[in-house]
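The values are calculated or read from the model by the stated rules, or taken from the named source; none is laboratory data. Note that the structure is a prediction, hence the values are computed from the model and not measured. FYI the Cβ positions are ideal-geometry reconstructions off the backbone, even for glycines, and counts take in every protein chain you see. To get the accessible areas, we keep the full protein, side chains included, count just its heavy atoms, and leave off ligands, DNA and RNA. Shrake-Rupley method; radii C 1.70, N 1.55, O 1.52, S 1.80 Å.
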Amino acid sequence: MIEFLVTTEVQKLLYQLNILLEQELRCQPKASGLRLIETAHDNGFRMTARLRDFEVKDLLSLTQFFGFKTETFSLAVNFLDRFLSKMKVQPKHLGCVGLSCFYLAVKATEEERNIPLATDLIRISQYRFTVSDMMRMEKILLEKLYWKAKTTTAFQFLQLYHLLIHENLSCERRKHLNFERLEAQLKACHCRIMFSKTKPSVLALSILALEIEEQKMLELKEVIECLQIQSKTNSRDLTFWKELVFTCLKEYSSNKCLKPNVQKLKWIVSGCTARQLKLSYYRITHLPTIPETGL
């Protein structure tokens, strides 16, 4: 057993990890439902993987626009996938479902003073449904999620694993394992439905293990093996998902991939809309004014 497991701080982190591991199976989307989405044909009446992935990218753009935490985005994706894997959602209703999942996640994780009004969220997203529509959808979502707005996500595992590994690194080496970079990789994986088919702990460990290999931090090989044992993740599964993460990140960094557009929501908000929003929403540079005729 490696040294970091006997330190006091790590024992506290491992206790938190065990709690998450006990909960994660109850917080996953239905595998059969996800398979149906993946195999569905795009006929305009059925939910498909492409439509789901586009919706998640829109939620990522909203997350970036408001400056919300990765935890919020990860939670919203969890809500969305669990709902889509249980219910037959028509494409025309996906926007309302997605935004409602996002708003639930925002209210569950962000500080109250940072939570936007539902009217502003709909206006920024440029949907045509009403606040009443979104409130009704929220109620349906909560019923299907058994009224639990807190759940176990890949972000929580990634954060815990990162803290555990930091305990085994010198101050000089810690800067080579940047958490913001890991968060960005998790966001990219969330934009692909296939990663919702594995356990959040496995996805987080795969991202971390791959990054450690990329950074050539060979001294952490035993730490990853120990986390595997602690998380009950076998080597075959870790290798399988690590290869998929590698492929995803490689495609994501290529010019062929349609990345979530960080600038998207800066551009679509018109001057008229911008004047109606609270100034506290702007965590980004001032929105450019766009002539109404250009929309």
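Side notes on the structure shown:
- Residue 162 contributes an accessible area of around 20 Å² to the protein surface, as traced by a 1.4 Å probe with all chains present.
- For segment 74-82, backbone phi angles converted through the Karplus equation (6.51, -1.76, 1.60; θ = phi - 60°) give residue-by-residue couplings of 4, 5, 4, 5, 4, 4, 4, 5, 5 Hz, Gly and Pro being listed as x.
- Kirkwood hydrodynamic radius of segment 110-182, from inverse mean 1/r over distinct Cα pairs, in Å: 16.1 Å
- A Cβ-based charge dipole, computed about the Cα centre of segment 1-155 with Lys and Arg at +1 and Asp and Glu at -1, lands at about 680 debye.
- Hz values of 3J(HN,Hα) by residue in segment 33-48 - Karplus curve (6.51, -1.76, 1.60), Gly and Pro given as x: x, 5, 5, 4, 5, 5, 9, 6, 8, 7, 10, x, 10, 10, 6, 10
- Ratio Rg/Rh [Cα only; Rh per Kirkwood] for segment 152-238: 0.94
- Over 32 Å apart at the Cα level, from the set 148/197; 12/148; 69/139; 148/175; 12/57, are 148/175; 12/57.
- ³J(HN,Hα), Karplus 6.51/-1.76/1.60, whole Hz, each residue of segment 106-115, x for Gly, Pro: 4, 5, 7, 10, 8, 5, 4, 5, 9, 7
- Solvent-accessible surface (1.4 angstrom probe) belonging to residue 35, in square angstrom, nearest 10: 130 Å²
- Normalised radius of gyration (Cα atoms, divided by 2.2 N^0.38 Å) for segment 28-145: 1.01.
- Pairwise FRET efficiency - residue 93 versus residue 126, Cβ, R0 = 22 Å, nearest 0.05: 0.85
- To the nearest 10, the accessible area of residue 9 is 80 Å² with a 1.4 Å probe.
- Cα-Cα pairs of segment 77-201 separated by more than 20 Å (percent): 54 percent
- Against the criterion of solvent-accessible heavy-atom surface with a 1.4 angstrom probe, 112, 143 sort, most first, into 112, 143.
- Ranking 84, 117 by solvent-accessible area of protein heavy atoms (1.4 Å probe, all protein chains present), from largest to smallest, gives 117, 84.
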